[in-house]
Amino acid sequence: MEANRFIPLSVPNFAGNERKYADEAVDAGWVSTGGAFITRMEGQLAAFLHAENVACCQSGTAALHLALVDAGVGADDIVLVPPLTFIAAVNPVRYQHAQPVFIDCDASFCMDPEKLRRFCAEECELQGERLVDKATGKTVKAVVVVHVFGNLADMESILDIAEAYHLTVIEDATEALGSHYTAGRFAGRYAGTLGDYGAYSFNGNKIITTGGGGAVTARDPQRVDHMRYLSTQAKDDPHYYIHHEVGYNYRMTNLQAAVGVAQMEELPAFLLRKKENYERYAALFVDSEDAKLLPYRAGTEPNRWFYALAIDRTRVQATMREIITTLEQRGVGTRAIWGLINEQRPYAGERTYHLTQAPAYAASILNIPCSTSLAAEEVERAAATIRMVLRDFSVSRLQ
Ligand SMILES: *Cc1c(COP(=O)(O)O)cnc(C)c1O
């Protein structure tokens, strides 16, 4: 074992039947948007999620876009979105020419239900079944709820609010495949299957990967059929090229799905490894004064996709860049949480609603190595290196 091999933040894990199934797809000549692996992966996902109908597509972004199209979100609508997540959660709102309004997160990184409720109650008024934004007269049509790092949002509260104000709920479960509730009203229910729509991603850094890929589900199985139809250029007839809608080239390929079927077989083992390593890290940081590993929501079994280390900013005043660069030089790959989406150029000047928690997290959260192939020894080495670097930057050194 190479003792000082670089420990990356997150890399794919292909230890199962990926090559075998990909070979089968190539040998069969079914490499594109038709083939048995696609339906097989859809069946695996539906069974795993206890969902009636799941459609595989090209990416998580495509899944979110299909959901917005199917929900009828358009130019006269507002969609409530999070500021602190990957920008792909918000871009599809723009593809539909709708207006995003950024609602703060709570301590879970996910949308703050209290602020969501206050926005609906104070900034809007219900006209029949339409929630109208008083400032613009636009319809507040939908909310995109991201289960950040695999941590479940407070769906009990969010779904109650959505029902009261007639909002369509689109769950961005791209980071949360496998996260589910163990207590409360939704015990046994999985991220992405609680709202009106749920989107998943199989990008290279997600818990399972097909290189690039995604899937979409919906409470109403007929809507999934419609999104599957939209994803194949809305082709009504396979032989005569009849189309009744504008479709997209968003269907997953059989070659991607071959890898996906193998990855789905590995998912239970990946979930276990994520949990074991999370618990190892938690024990290794429990007595650190400079940083602590944040817990996931109580009453849930999260997939623990990413681990969030909260740096104590009263003690460690180095910039994120300094910390990450130093760790990189010492062989540990880490990452800052995302920059706020409302501060990115395409969204600068867009409306925000009482953002306080999101900016605080943006300045203090470090993601640490979490690959499903990460060995116990690597967790120990990563944790020791991170602790040493933070201590070197900490005020305790200056005293
Ligand atoms: C990864 C991710 C996406 C996009 O998924 P792709 O498959 O890369 O298109 C969307 N939202 C969030 C929160 C993500 O982390």
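The values are calculated or read from the model by the stated rules, or taken from the named source; none is laboratory data. Remember, it's a predicted structure, so these values are computed and weren't measured experimentally. Counting neighbours? That spans all protein chains shown, and the Cβs are built from the backbone with ideal geometry, glycine included. Note: accessible area is taken over every heavy atom of the protein model, side chains too, but ligands, DNA and RNA are not part of it. Shrake-Rupley method; radii C 1.70, N 1.55, O 1.52, S 1.80 Å.
Quick look at the numbers
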{"quantity": "Built amide H within the under 5 Å cut-off of residue 131, gap 5+", "calculated": "140"}
{"quantity": "Carbon plus sulfur fraction of accessible area for region 18-263, probe 1.4 Å, in percent", "calculated": "50"}
{"quantity": "Selection from 244, 119, 222, by position along the positive dipole direction of the chain (Cβ)", "calculated": "119"}
{"quantity": "Nitroxide proxy distance, nm - points 7 Å out along Cα→Cβ at residue 276 and residue 310", "calculated": "2.8"}
{"quantity": "Amide H contacts of residue 198 (H built 1.01 Å from N, under 5 Å, at least 5 apart or other chain)", "calculated": "171, 217, 218"}
{"quantity": "Size of charge dipole - the chain - debye, nearest 20, with Cβ of Lys, Arg +1 and Asp, Glu -1, no other charges", "calculated": "820"}
{"quantity": "Magnitude of the charge dipole, region 1-41, Cβ model with Lys/Arg +1 and Asp/Glu -1, debye to 20", "calculated": "120"}
{"quantity": "Inter-label distance for residue 117 and residue 222, nm, one decimal - labels placed 7 Å from Cα along Cα-to-Cβ", "calculated": "3.4"}
{"quantity": "Spin-label pair residue 127/residue 26, simplified geometry with 7 Å Cα→Cβ offset, distance in nm", "calculated": "5.9"}
{"quantity": "Over 30 Å (Cα to Cα) - which of 141/274; 115/292; 141/275; 138/206; 115/235; 20/292 fall in this group", "calculated": "141/274; 141/275; 138/206; 115/235; 20/292"}
{"quantity": "Potential lengthening between residue 185 and residue 242 on full extension [0.36 nm per residue; Cα-Cα distance subtracted]", "calculated": "16.1 nm"}
{"quantity": "Full-extension gain in nm, residue 317 to residue 298, via 0.36 nm per residue minus C-alpha separation", "calculated": "3.8 nm"}
{"quantity": "Sequence-separation-based contact order of region 267-398, relative, with Cα cut under 8 Å and 6+ spacing, percent", "calculated": "35"}
{"quantity": "Highest-first arrangement of 221-231, 121-131, 269-279, 191-201, where packing means the average Cβ count within 10 Å", "calculated": "191-201, 221-231, 269-279, 121-131"}
{"quantity": "Distance from region 205-279 to region 1-72 (C-alpha centre basis), Å", "calculated": "6"}
{"quantity": "Beta bridge orientation in the chain: antiparallel %, DSSP, nearest 5", "calculated": "65"}
{"quantity": "Most positive-pole-ward Cα, 383, 296, 263, against dipole of the chain from beta carbon charges", "calculated": "383"}
{"quantity": "Average accessible surface area per residue within region 221-341, 1.4 Å rolling probe, Å²", "calculated": "48"}
{"quantity": "Cβ charges +1 (Lys, Arg) and -1 (Asp, Glu), total dipole of region 267-398, debye", "calculated": "180"}
